[in-house]
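Engineer: Can you keep this structure in mind? I'll have questions shortly.
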Amino acid sequence: MKKCCLILALFVLAISLTNCSNKSDEYIDPRGTDYAGSESCIQCHQQQYESTLHTSHFKATSPPTKENILGHFTNGKNTFVYGKDIKIVMEERNDSLYQVLYKNGKEVEAYPFDVIFGTKHAQTSAYWKNHYPYELPISYYKSIHSWATSPGYSATIPNFERKIDKECFACHSSNIGSRFITTSSDSITFLTMDVEDFMNKKTLVYGIDCERCHGPAKKHVQTHLKFPDLKQAQNIIGFKNLNRQQKLDACALCHSGNDQAKLKSRFQYKPGESLNSYFRAYPGTKDSLNFDVHGNQLGLLSQSKCFKQSQTMDCTSCHNPHQDSSQNMAAYSKICMSCHQTAKHTPTTLKTISKSMLANNCVECHMPKQDSKAIHFQQSNTAAVTSYSLRTHKIGIYANTKKK
């Protein structure tokens, strides 16, 4: 009987050890052997992992499943009309989703949703052809709850031939490989190589994952599974250990515009490094007064008195990178009031804005939504051009803000 109990105990122990094995040892990451894959993080960081799954960063790119695509595919809500004889219809066929071009009632071409960009405010998509991604001409916008032209696309002529640059993936994904080499003989030399820029969809790591912000985690996972009692994180980049400029640079990689000369790929960047090694400003006068609300949040924030007068303020002062941006304006107001307890409004402001808004929505007045100069869209060839609006990160006093 004792022998049976011992065997049973050893069996249970073996199962337990199997469950605690290093999952990353079985994972092959296209970025290299130093990476463990985000799913390995769930073993010790379940709460952060599960919360991060729902963030706009993690969904910056995603697979083309019906659950991931925001737009409608039902009749009456799935058609974009270019003219009386031309339209694009969003259709579900078997297990795939398509944008289908019709002319004079006949199908001309059908292009699949192969990769999805964005989820919070709007969503555009792309299809793959010959190692290149091409943007689909119709996107979905939450502000109008409808399909409309992709940014910069015509509302009268359908176009499926706009290539998506790798830099789009550099801020919307954690990896995609490129550089394709073909040779004219068995002997590989520089004279016989044709080097072609392309993108290998098999190397795409969707979204901004854990290792994009914390660096390669293979050694970190191995160390902490081997020594589970370690209290100090090893072989990983922790934001709490970065100084202010390093934290800002980590966010500025993708949130400070794209108007500088690129020296190295964004994919090479590891938090803690200086962006000066990756970008150089072009010679001449830089237009710092007209930063667009889309893409240059840090540039706008840097113009704010709050930022200039603070020694510690950075992006994480208001945003938790493991959580999606809060829609609760009162939560942001508490952050504002932590420094502005004695703030006083003018008599005019007190008369025109409700007390509840003054107390619980600093953002609506001091970081109002503004129209992007770079992005606009149309719902049809007869509809007016609609601006894409985002909340400015330049904290200030604005004359005309929404009253409630």
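The values are calculated or read from the model by the stated rules, or taken from the named source; none is laboratory data. Treat the numbers as computed from the prediction; the structure is a model and nothing was measured. For neighbour counting, all protein chains shown are included, and Cβ atoms are generated from backbone atoms with ideal geometry for every residue, glycine included. Quick note on the areas: whole protein, heavy atoms, side chains included, nothing else; ligands and nucleic acids left out. Shrake-Rupley method; radii C 1.70, N 1.55, O 1.52, S 1.80 Å.
Engineer: For the chain, set up a Gaussian network in which alpha carbons nearer than 10 Å are linked by springs, and say which option among 269, 282, 127 fluctuates the most.
Structural biologist: Answer for the Gaussian network model of the chain: 282.
Engineer: Further question: What net charge is computed for the residues neighbouring residue 293, neighbours being all others with C-beta under 10 Å from the C-beta of residue 293, Lys and Arg scored +1, Asp and Glu -1? Before the final figure, lay out each step's value.
Structural biologist: Values: positive: 369, 373, 391, 394; negative: 292, 371.
Within the 10 Å Cβ shell, the charges total +2.
Engineer: Given a Förster distance of 25 Å, report the FRET efficiency between residue 42 and residue 146 from their Cβ-Cβ distance, rounded to the nearest 0.05. Could the numbers behind the result be given before it?
Structural biologist: On the way: r = 36 Å, r/R0 = 1.46.
Given R0 = 25 Å and the Cβ-Cβ separation, E is 0.10.
Engineer: A further question follows. Under a 5 Å amide H to amide H cut-off, with H placed in plane at 1.01 Å, what residues pair with residue 115 once short-range neighbours are removed?
Structural biologist: Here the answer is 126, since their amide H atoms fall under 5 Å of that of residue 115.
Engineer: In whole angstrom, how far apart do the alpha carbon centroids of the range 346-368 and the range 204-247 sit?
Structural biologist: Cα centroid to Cα centroid, the span is 41 Å.
Engineer: Give me the percent of the accessible area of the range 47-111 that comes from carbon and sulfur atoms, probe 1.4 Å, all protein chains in place.
Structural biologist: Working: 1760 of 3880 Å².
Solvent-exposed carbon and sulfur of the range 47-111 make up 45 percent of the total.
Engineer: The range 107-162: which GluC sites (Glu not before Pro) are DSSP loop and have at most 14 other beta-carbon atoms within 10 angstrom? List each step's numbers first, then the result.
Structural biologist: On the way: sites: 107, 109, 135, 161; in loops: 161.
Here the GluC sites (Glu not before Pro) that fit, given the DSSP loop and packing criteria, are 161.
Engineer: Residue by residue, what Karplus-based ³J(HN,Hα) values in Hz, rounded to whole numbers, does the range 204-212 have, using 6.51, -1.76 and 1.60 with θ = phi - 60° and x for Gly and Pro?
Structural biologist: Result, rounded to whole Hz: 6, 9, 5, x, 8, 8, 4, 7, 5.
Engineer: Which entries in 247/305; 77/373; 66/166; 218/240 show an alpha-carbon gap greater than 23 Å? Could you put the intermediate results ahead of the total?
Structural biologist: Numbers: 247/305 19 Å; 77/373 28 Å; 66/166 25 Å; 218/240 20 Å.
As for pairs spanning more than 23 Å Cα to Cα, those are 77/373; 66/166.
Engineer: Given a 10 angstrom Cα cut-off, can you work out which residue in 356, 51, 125 is the most mobile in a GNM of the chain?
Structural biologist: Comparing 356, 51, 125 in the GNM, the peak value goes to 356.
Engineer: Here's a follow-up. Is the shape of the range 235-387 best called rounded, prolate or oblate, per the rule: a/c under 1.5 gives rounded, else a/b larger than b/c gives prolate, else oblate, with a ≥ b ≥ c the square roots of the Cα gyration tensor eigenvalues? It would help to have the intermediate numbers written out before the result.
Structural biologist: Working: a/c = 1.92, a/b = 1.24, b/c = 1.55.
Cα axes put the range 235-387 in the oblate bin.
Engineer: Moving on to the next point. For the chain, list the DSSP H helices whose alpha carbon atoms reach 15 Å or more along the long axis and whose average Kyte-Doolittle value is 1.0 or above? Could you put the intermediate results ahead of the total?
Structural biologist: Values: long enough: 2-19 (26 Å, 1.71); 244-255 (17 Å, -0.49).
Once both thresholds are applied, what remains is 2-19.
Engineer: Further question: Starting from the amide H of residue 293, placed 1.01 Å from N in the peptide plane, find each other amide H under 5 Å away whose residue is 5 or more places distant or on another chain.
Structural biologist: 373
Engineer: Tally Lys and Arg at +1 and Asp and Glu at -1 over the other residues with C-beta under 10 Å from the C-beta of residue 110: what net charge comes out?
Structural biologist: Working: positive: 93; negative: 91, 107, 109.
Residues close to residue 110 contribute a combined charge of -2.
Engineer: Connecting C-alpha atoms closer than 10 Å in a GNM of the chain, tell me which of 202, 66, 219 has the biggest fluctuation.
Structural biologist: Comparing 202, 66, 219 in the GNM, the peak value goes to 202.
Engineer: For the residue pair residue 258 and residue 232, what label-to-label distance in nm results when each label sits 7 Å from Cα along the Cα-to-beta-carbon direction?
Structural biologist: Distance between label points: 4.1 nm.
Engineer: A further question on this structure: So for the chain, averaging the separation of alpha carbon pairs under 8 Å that are six or more residues apart and normalising by length, what relative contact order in percent results? Please report the intermediate quantities before stating the final value.
Structural biologist: Values: 629 pairs, mean separation 59.0, N = 404.
In percent, rounded to a whole number, it is 15.
Engineer: Subtract the Cα-Cα distance of residue 161 and residue 350 from 0.36 nm times their separation in residues, and report this length gain in nm to one decimal. Display every interim value, and only then the final one.
Structural biologist: Details: separation 189, 0.36 × 189 = 68.04 nm, distance 5.35 nm.
Computed gain between residue 161 and residue 350 is 62.7 nm.
Engineer: Over the range 246-404, what is the relative contact order in whole percent, taking alpha-carbon pairs under 8 Å and six or more residues apart?
Structural biologist: On the way: 179 pairs, mean separation 37.3, N = 159.
Reported relative contact order: 23 percent.
Engineer: Output the relative contact order of the range 59-160, whole-number percent, from Cα pairs under 8 angstrom with separation of 6+ residues. Kindly include the intermediate steps, with their values, before the conclusion.
Structural biologist: Values: 199 pairs, mean separation 23.2, N = 102.
The normalised contact order for the range 59-160 reaches 23 percent.
Engineer: Send over a whole-number figure in Å² for the accessible area per residue of the chain, probe 1.4 Å. Intermediate results must be reported in sequence, preceding the final value.
Structural biologist: Values: 24460 Å² over 404 residues.
Per residue, the chain has 61 Å² of solvent-accessible surface.
Engineer: Taking amide H positions as placed in the peptide plane 1.01 Å from N, state which residues far from residue 103 in sequence (5 or more) or on other chains have amide H under 5 Å from it.
Structural biologist: So residue 103 has HN proximity to 108.
Engineer: While we're here: Considering the zone a paramagnetic label at residue 31 would reach in this model (a point 7 Å from Cα along the Cα-to-Cβ line), which residues of the range 224-266 have amide N under 15 Å from it?
Structural biologist: In the range 224-266, the label zone of residue 31 (backbone N under 15 Å from the point 7 Å along Cα→Cβ) covers 235-239, 250-251, 253-254, 265-266.
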